[in-house]
Amino acid sequence: MIIKFKLNGKNVAIEAPGGERLIDLLRERLNLVGTKEGCGKGECGACTVLLDNKPVCSCLILAAQVNGRNVMTIEGVESDARLRAVQEAFVEAGSVQCGFCTPGMILSAAALLRANPKPSRDEIKRALSGNLCRCTGYEKIFDAVELASHKIMKKAASK
Amino acid sequence: MISVESYKRPETIAEALKLLKTGKFGIIAGGTDVIPQMRHTPARSLLDIGKLGLDFVRENDNTVEIGAAATHSQIQNNPLIQRFLPLLSTACGLVGSWQIRNRGTIGGNIVNASPCADSAPALLIYDTKVVLLSSQGRRSVNLSEFIKKPYLTVLTAKDLVHSFVCQKGDDSAGNSFIKLGRRQAVNISRMTIAVSLVRDDSNKITMAKIAVGSVFPTPTRISELENKLIGQIVSKELFDETADLAADLMIKASGVRWSTPYKKPVLIGLMRRALVGASGIKEIPA
Ligand SMILES: Cc1cc2nc3c(=O)[nH]c(=O)nc-3n(C[C@H](O)[C@H](O)[C@H](O)COP(=O)(O)OP(=O)(O)OC[C@H]3O[C@@H](n4cnc5c(N)ncnc54)[C@H](O)[C@@H]3O)c2cc1C
Ligand code: FES
Ligand code: FES
């Protein structure tokens, strides 16, 4: 079937075979390799993308299921100010080591800040509990989300 | 890529029931259970229920009806559910991760019928009925009879779960939901306990509902414990005895197993904690 959806702000129409997972469509046919596959079963969050602004695992959703909806991947950082602010905060706070978890972390964090611009440390931890990181020990990732929250609030206040 | 023979996403329930009548389709909702399972199973034809408008939550006189395709996130955050079915809102808020809650549905959770399905003990507390549709018509089954054994329900390949009809909880009840451990963490049996209690001014228990997951083969209400509590005055001794009785019932049902030395004290400890929590009394009299 032909599916139509919005991907990082642009309209896409593409033939999607019934059993194709979203992650396979993104990585293998659309060459958006920022989305990573870790476990392939919903446990690591490396494959996180935003579906209508909410984080989901692209390894657990069929491409056909995003028909008519809005998908944002880490490549959307170019067109989305909130994502960019979170990305910058990750760099500044030193929250990236091998980087495999980073795209998923940034997307989950951006979704959190959209729903809750000033989350507590505990709320940050809970929101990111579906994103595993083998390298950083998480603290610097939580720091980055706090930093991004300050930046976004400051920007909003100065407008 | 998973192997799929065909994929259909009907837009009306009538159309969905017609496809199901062929017996060839497997239903997919959020896909969080189905998609990982399908990587190891032969090709199937999938019927996606995502366009059928089954993600509603509505209030009737004494009940709240939840569409089968409502997600855990939706249920966690829905004001009607928070008010009338607070244990269900809590339970769904503890499922998996944010990503899983955004996709996983209550229908998928119950039909998958895992002994540790988090929504099941909460739904049992609210005396939930499962509404099924097929080309033959509509029927309604008590949740306690819907799940037959681990990973098996009364559902046939021609049935669609339409919704769950839950009795509103008592406004004055104290509630407690405890979930132990991590899903799939090797060798650790997870457990869930849901308790709802009402007591009068003299601390006499006038209503008690207790349901557990991963204690018996399927999620279960434990009427023996409820009957033991009703009419009694809250005391440490009463709660201790009730928790001990829970463990006795578990062992009676499953026999002594390799996991019993772990599960027995854990069940006793958690049951006590859940009872104290639901009683709303900080210092339980001895
Ligand atoms: C990483 C991870 C963590 C998880 N953590 C938890 C957890 O903590 N607690 C927990 O309880 N579960 C957990 N789960 C399991 C799962 O997410 C839930 O059971 C979820 O609610 C399933 O819903 P779904 O819509 O994704 O089901 P699907 O995968 O779409 O379907 C599951 C089954 O139900 C059938 N089905 C679905 N809807 C209907 C319907 N309307 N009528 C008839 N049949 C139907 C399907 O045919 C299939 O057999 C976890 C899963 C993953 C991958
Ligand atoms: S690859 Fe999807 S959650 Fe791990
Ligand atoms: S930076 Fe390596 S997994 Fe997180």
_For segment B:1-25, give me the residue count where each residue is free of Cβ contacts under 8 Å to residues at least 60 places away in the same chain, more than 8 Å from chain A (Cβ to nearest Cβ) and in a strand (DSSP E or B)._
1
*The listed residue being more than 16 Å from ligand 1 (Cβ to nearest atom) and within 18 Å of the chain's Cα centre (by Cα), out of B:S214, B:S196, B:S235*: B:S196
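Of everything in segment B:29-52, what is not in a loop (DSSP other than H, G, I, E, B) and not aliphatic (A, V, I, L, M)? Give them in sequence order.
Residues of segment B:29-52 not in a loop (DSSP other than H, G, I, E, B): B:34-38, B:44-48.
Those that are not in a loop (DSSP other than H, G, I, E, B) and not aliphatic (A, V, I, L, M): B:P36, B:Q37, B:R44, B:S45, B:D48.
Any residue at all in segment B:132-150 that is away from ligand 2 (no atom under 16 Å from the Cβ), under 22 Å from B:D48 (Cβ atoms) and among the aromatic types (F, W, Y)?
Residues of segment B:132-150 away from ligand 2 (no atom under 16 Å from the Cβ): B:132-150.
Within this subset, residues satisfying the condition of being under 22 Å from B:D48 (Cβ atoms) are B:132-135, B:138.
This time we only want the ones that are among the aromatic types (F, W, Y), so: none.
No - not one qualifying residue is present in segment B:132-150.
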_Within segment A:109-117, does at least one residue satisfy the condition of being away from ligand 3 (no atom under 11 Å from the Cβ), in contact with a helix residue (DSSP H, G or I) (Cβ under 7 Å, 6 or more places away or on another chain), outside any helix (DSSP H, G or I) and not assigned by TED's automatic domain parsing to the domain that holds A:G34?_
yes
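Only one of B:K51, B:K18 is surrounded by fewer than 21 Cβ atoms within 10 Å (Cβ to Cβ), touching a Lys or Arg at 6+ places or on another chain (Cβ under 9 Å) and assigned by TED's automatic domain parsing to the domain that holds B:D159. Can you tell me which? Spell out the reasoning first.
Details: B:K18 fails: touching a Lys or Arg at 6+ places or on another chain (Cβ under 9 Å).
After ruling out the rest, the residue left standing is B:K51.
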_Single unsatisfied condition, B:G96 versus (1) at positive phi; (2) away from ligand 2 (no atom under 16 Å from the Cβ)_ = (2)
*Is segment B:211-231 home to any residue that is over 22 Å from B:T128 (Cβ atoms) and either exposed (fewer than 13 other Cβ atoms within 10 Å of the Cβ) or of a type in the set (S, T, N, Q) (or both)?*
yes
*Is there any pair linking a residue in segment A:94-119 that is under 15 Å from A:E139 (Cβ atoms) and within 16 Å of ligand 1 (Cβ to nearest atom) to one that is at pLDDT 95 or above and among the aromatic types (F, W, Y), with Cβ under 7 Å and at least six apart or on different chains, and which?*
none
*Has segment B:35-53 got at least one residue that is within 16 Å of ligand 2 (Cβ to nearest atom), under 24 Å from the mean Cα position of the chain (by Cα) and either hydrophobic (A, V, I, L, M, F, W, C) or more than 11 Å from chain A (Cβ to nearest Cβ) (or both)?*
yes
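Among the candidates A:G68, A:G40, which residue alone is part of a loop (DSSP other than H, G, I, E, B), away from ligand 1 (no atom under 15 Å from the Cβ) and at positive phi?
Details: A:G40 fails: away from ligand 1 (no atom under 15 Å from the Cβ).
Among A:G68, A:G40, only A:G68 is part of a loop (DSSP other than H, G, I, E, B), away from ligand 1 (no atom under 15 Å from the Cβ) and at positive phi.
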*Out of all the residues in segment B:179-202, is one or more within 24 Å of B:R83 (Cα to Cα) and part of a loop (DSSP other than H, G, I, E, B)?*
yes
*Restricting the search to segment A:120-139, which residues are within 16 Å of ligand 1 (Cβ to nearest atom) and without any contact (Cβ under 8 Å) to a residue 12 or more places away in the chain?*
A:R126, A:S129
*Members of segment A:67-98 found to be within 14 Å of ligand 3 (Cβ to nearest atom) and either within 14 Å of chain B (Cβ to nearest Cβ) or surrounded by fewer than 14 Cβ atoms within 10 Å (Cβ to Cβ) (or both), listed by number*: A:V91, A:G94, A:C98
*When you go through (1) closer than 26 Å to B:P217 by Cβ; (2) surrounded by fewer than 24 Cβ atoms within 10 Å (Cβ to Cβ); (3) near ligand 1 (Cβ under 9 Å from one of its atoms) one by one for B:G107, which number turns out not to apply?*
(2)
*What number of residues within segment B:91-104 are farther than 16 Å from B:F56 by Cβ, more than 6 Å from ligand 1 (Cβ to nearest atom) and free of Cβ contacts under 8 Å to residues at least 40 places away in the same chain?*
6
*Mind counting the residues in segment A:43-59 that are facing chain B (nearest Cβ under 8 Å) and outside any loop (DSSP other than H, G, I, E, B)?*
7
_When the residues of segment B:58-77 are narrowed to those that are more than 14 Å from every other protein chain (Cβ to nearest Cβ) and surrounded by 20 or more Cβ atoms within 10 Å (Cβ to Cβ), which ends up farthest from B:I110 (Cα to Cα)?_
B:V64
*Within segment A:7-42, how many residues are buried (at least 19 other Cβ atoms within 10 Å of the Cβ), at the interface with chain B (Cβ under 10 Å from one of its Cβ atoms) and within 16 Å of ligand 3 (Cβ to nearest atom)?*
0
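The values are calculated or read from the model by the stated rules, or taken from the named source; none is laboratory data. These numbers come from a predicted model, not from an experiment. With ideal geometry, Cβ positions are generated from the backbone for all residues, glycine too; neighbour counts draw on all protein chains shown.
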